[in-house]
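The values are calculated or read from the model by the stated rules, or taken from the named source; none is laboratory data. Keep in mind the model is a prediction, meaning the values are calculated, not measured. No Cβ is skipped: glycine too gets one built from the backbone with ideal geometry, and neighbour counts run over all protein chains shown.
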Amino acid sequence: MKLAICEDKANDINLLLKLIKEIISSVNLDVEPEVSLFTCGEELEYYYSNGNNGFDIIFLDILMSGKDGIKTAREIRKYDSECIIIFTTISTEYALEGYSVFAYNYIVKPLTINKLKPVFLKAKEVIDQRNQKSLCIRSSAKIQVIHYRNIKYITSLNCNIKCNSITENHVLPSISFCQGKGGDFRRKYYPTLTTVL
């Protein structure tokens, strides 16, 4: 699980890290999160603008020096429409604006385990469900599973189909069988595909 914390106060960063560890150990989650820290919105935006892979969850303060969290979230959404954004801030004043950037939740500081735990665990459920959606490709004696989230694009290449994913590229004969698990791949991810491969 890839997490980002974008917060300009060291005490709040440390508290959030501590609470996440407590939550994970309290429910015996078998996960070791990879956490990236950003001290301002501009740093997080720069990370995305350089083509880096996104995060599963971003904890984003709203009231920061420089670019505020709402503006930062708008920029993030240009690169990543699926990450879960959880705002953490001292004010309820921006709660409605959070909907405009499809925020998952809004937690008012001071952060406590009682506030964070249900939000974090529900977000983890959403991530787990999302990661189960995959494309199964059968070609001769080989079966490959590619998670939808890892697919960059699919193109036709002569009599073959080329599936470009984050980790590798797959070139398959056009007679390969293509099946989505957990959703309709053709309609959602490749609407111009007219035949089942």
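Observations
- Across the range 77-115, the qualifying residues are those that are small (Gly, Ala, Ser) and closer than 18 Å to VAL126 by Cβ, and the one among them that is surrounded by the fewest Cβ atoms within 10 Å (Cβ to Cβ) is SER81.
- Restricted to the range 148-157, and to residues there that are of a type outside the set (Phe, Trp, Tyr) and modelled with pLDDT of 75 or more, the residue that is nearest to CYS83 (Cα to Cα) is ASN150.
- All positions within the range 122-136 that are out of contact with any helix residue (DSSP H, G or I) (no Cβ under 7 Å at 6 or more places or on another chain) and either surrounded by fewer than 16 Cβ atoms within 10 Å (Cβ to Cβ) or part of a strand (DSSP E or B) (or both): LYS122, GLU125, VAL126, ASP128, GLN129, GLN132, CYS136
- Residue match in the range 164-182 (condition: assigned to a loop (DSSP other than H, G, I, E, B), closer than 29 Å to ILE24 by Cα, modelled with pLDDT under 65 and of a type outside the set (S, T, N, Q)): yes
- Residues located in the range 7-26, provided they are over 22 Å from the mean Cα position of the chain (by Cα) and among the aliphatic types (A, V, I, L, M): ALA10, LEU15
Let's see how each residue does on (1) within 28 Å of TYR148 (Cα to Cα); (2) at pLDDT 95 or above; (3) within 13 Å of the chain's Cα centre (by Cα):
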site	(1), (2), (3)
GLY54	yes, no, yes
MET64	no, no, no
LYS67	no, no, no
THR72	yes, yes, no
GLU75	yes, yes, no
ASP80	yes, no, yes
GLU93	no, no, no
LEU96	no, no, no
SER100	yes, no, no
